Amino acid sequence: MLGTAPPVKKRVRLPSLEGAPPSSRLRRVEGRRGRRTRCPSPETPSSSFQHERTEDVTAERPGACIQDLPPEIMEVILGHLSPCDVMSFGATCARYHQQNSVPWVWKSFCSRMPGPSEPSDWQRLAILKHTQALHTQRLGPAQRGSPGTRSSRSQPPTSRAMELPEAHGYRRVVPAWGSVLLWDYQGTLHLLRHDGAEGLLSQPNVLCHNVKDFAVDPRNDARHRDHVYVLANPQDVSQGTSRVTFYGLGTGAPVFRMTFHPSLAFAQICLTGTKIHRQLLLLSGTGAVYGLSLNEANMLLRWHNFSVHMTRKIMSVPQGPLSIRQVQSSQNSALYLSGDGTVCLEVYSPTLYKKMFGDQQVCPALQPPVHLPLPTKVVKCSLGPSHICLVDERGGIFTQGDNSFGQLGTGDRVDRRQLTQVSVSMRPVDVWCGPNHTLVLLQDESGAKELHGCGFGAAGRLPGHPKGSDVLVKLNVLVPRASRSICAVKNCLYIMSSHDIDEALFDDGHN
């Protein structure tokens with residue numbers, strides 16, 4: 001192809017910045033293209049010319065190819081492309097990868113975005129804004145179709161929820177009673193009202209700014225999620241470095257606040273138990289976990305200041321104490337993930353302790369967290385009411401606990417007292433444990449994503465498989481390419497899309 005006429009023509013004439021306007025220049029090129037078949041000349045080489053002559057013509061006209069364009073012109077050209085096109089352009093070679101890292105290129109995408117005028121990374125913000133989306137799919141019994149059609153095809157398609165142009169990349173989404181909580185990378189917590197039958201309806205409201213984390217009732221039934229605990233930085237530094245505010249989702253107004261000593265800077269909050277026996281788990285920036293017990297019903301009736309007792313939980317393994325970086329919780333258990341990928345499980349119910357480990361403990365709450373041995377580093381985890389699901393650094397999926405409905409994906413319905421690996425053919429992106437089923441978001445080598453599930457399938461919990469499955473099967477769900485996390489309630493599935501270039505799920509070449 002180096003000696004053919006069309007490539008030489010494109011490289012010699014089209015990128016030129018001199019001469020007539022582009023429209024007339026194109027007409028002249030087309031005219032010469034017509035003449036070259038009748039009268040070949042050095043200025044209009046034909047396909048019969050040798051490779052040596054083509055190289056001479058290219059050498060006589062420096063700056064004709066796109067590689068020789070000045071960086072300023074390249075930045076202007078890239079500014080007219082989409083973020084996806086710019087990323088694809090930067091993946092062609094090392095030089096272009098360096099070219100598309102210029103802040104001005106990405107700043108042009110963010111010129112009309114609300115928020116701070118000078119973020120720390122324009123490229124990260126532009127990609128987050130371009131990929132952010134929230135998709136929903138209604139769940140329920142499969143409707144009967146026409147004779148001869150499968151019930152799996154009658155499932156409603158995935159629909160895109162309301163847009164949030166003021167959000168700066170979706171970081172986490174949690175469904176609640178009559179609403180959806182959405183947290184972005186700018187630290188803003190948005191409250192979206194919705195109708196249980198028709199999806200999201202009203203405009204979103206900003207619940208709180210400078211949010212570090214938030215938590216709702218850990219039970220899967222959204223009817224219990226009528227309040228939310230928000231961990232945020234107070235505007236007044238003298239009030240400490242962390243503050244927890246209890247909001248009512250019905251009105252969106254704060255009910256009470258909890259402030260802590262300035263020496264305690266918390267980064268994450270989780271809830272266990274019920275409203276009358278609530279326990280808050282607070283993870284500090286140094287990896288320590290603190291717990292405090294509350295009675296929400298009594299606190300709603302108190303209008304004066306009061307103090308609560310907070311204790312520190314000891315996390316240790318035979319190798320020594322652990323520094324925790326993530327906490328997952330359910331009604332009767334809590335899962336702790338350390339910085340080196342070690343996992344510990346704390347159980348508060350004797351019945352659940354027997355399902356998870358096979359031993360009967362009269363008061364498991366007094367027992368220290370149990371270490372779950374795994375030879376590889378755990379990078380992602382999910383905790384359900386009676387089973388857990390872990391993802392290691394090599395992309396392996398491990399489950400443990402109750403398997404009455406096949407929710408462990410092991411091919412049978414036998415409970416597992418220790419971590420058991422589940423076979424998957426693609427790389428896992430996210431996992432989610434429901435009351436008696438498990439959902440796994442998978443990605444193939446091309447980047448396309450699929451949603452697989454196992455366990456209880458009635459009431460539409462596994463779209464396309466109403467009878468359930470004891471192995472992971474592909475679900476009848478349209479999954480966007482930029483999907484990042486999944487969660488579900490009784491009647492709706494939520495798929496959140498957002499790509500953060502600073503986050504890596506797997507190590508050792510599995511990113």
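Pairs Lys212/Lys355; Lys354/Lys380; Lys129/Lys490; Lys354/Lys377; Lys129/Lys212; Lys377/Lys490: which are spaced more than 22 Å apart, C-alpha to C-alpha?
As for pairs spanning more than 22 Å Cα to Cα, those are Lys212/Lys355; Lys354/Lys380; Lys129/Lys490; Lys354/Lys377; Lys377/Lys490.
Between Leu292 and Glu503, how high is the FRET efficiency from 1/(1 + (r/R0)^6) when r is the Cβ-Cβ distance and R₀ = 30 Å? Nearest 0.05.
Step by step, r from the Cβ atoms, then E = 0.50.
Tell me which residues come under 5 Å, amide H to amide H, from Ser485 once H is placed; ignore anything under 5 positions away on its chain.
Residues meeting the amide H criterion: Met496.
Once a ≥ b ≥ c are taken as the square roots of the eigenvalues of the Cα gyration tensor of the range 371-421, is the result rounded (a/c under 1.5), prolate (a/b larger than b/c) or oblate (a/b not larger than b/c)?
Details: a/c = 1.92, a/b = 1.77, b/c = 1.08.
Cα axes put the range 371-421 in the prolate bin.
Quick one: dipole size for the range 253-378, taken about the Cα centre, charges +1 on Lys/Arg Cβ and -1 on Asp/Glu Cβ, in debye to the nearest 20.
Value, rounded to 20: 200 debye.
Once amide H atoms are placed 1.01 Å from N in the peptide plane, what residues at a sequence separation of 5 or more from Asp213, or on another chain, have their amide H within under 5 Å of its amide H?
For Asp213, whose amide H was placed from the backbone, the distant partners under 5 Å are Leu231.
Can you send over the solvent-accessible area of Leu374, 1.4 Å probe, protein chains only, in Å² to the nearest 10?
Surface accessible to solvent at Leu374 totals approximately 40 Å².
Enumerate the amide H contacts of Asn403 below 5 Å, restricted to partners 5 or more residues apart or on another chain; note that Pro and chain-start residues carry no placed amide H.
Amide H to amide H, under 5 Å and 5 or more residues apart or across chains, Asn403 pairs with Asp415, Arg416.
Can you give the FRET efficiency to the nearest 0.05 for Arg193 and Glu445, using r as the Cβ-Cβ distance and R₀ = 41 Å?
The formula returns an efficiency of 0.55 here.
The values are calculated or read from the model by the stated rules, or taken from the named source; none is laboratory data. Everything quoted here is computed from the prediction, not taken from an experiment. Neighbour counts run over all protein chains shown; Cβ positions are idealised from the backbone, glycine included. Heads up: the accessible areas ignore ligands, DNA and RNA and are worked out on the full protein's heavy atoms, side chains in. Shrake-Rupley method; radii C 1.70, N 1.55, O 1.52, S 1.80 Å.
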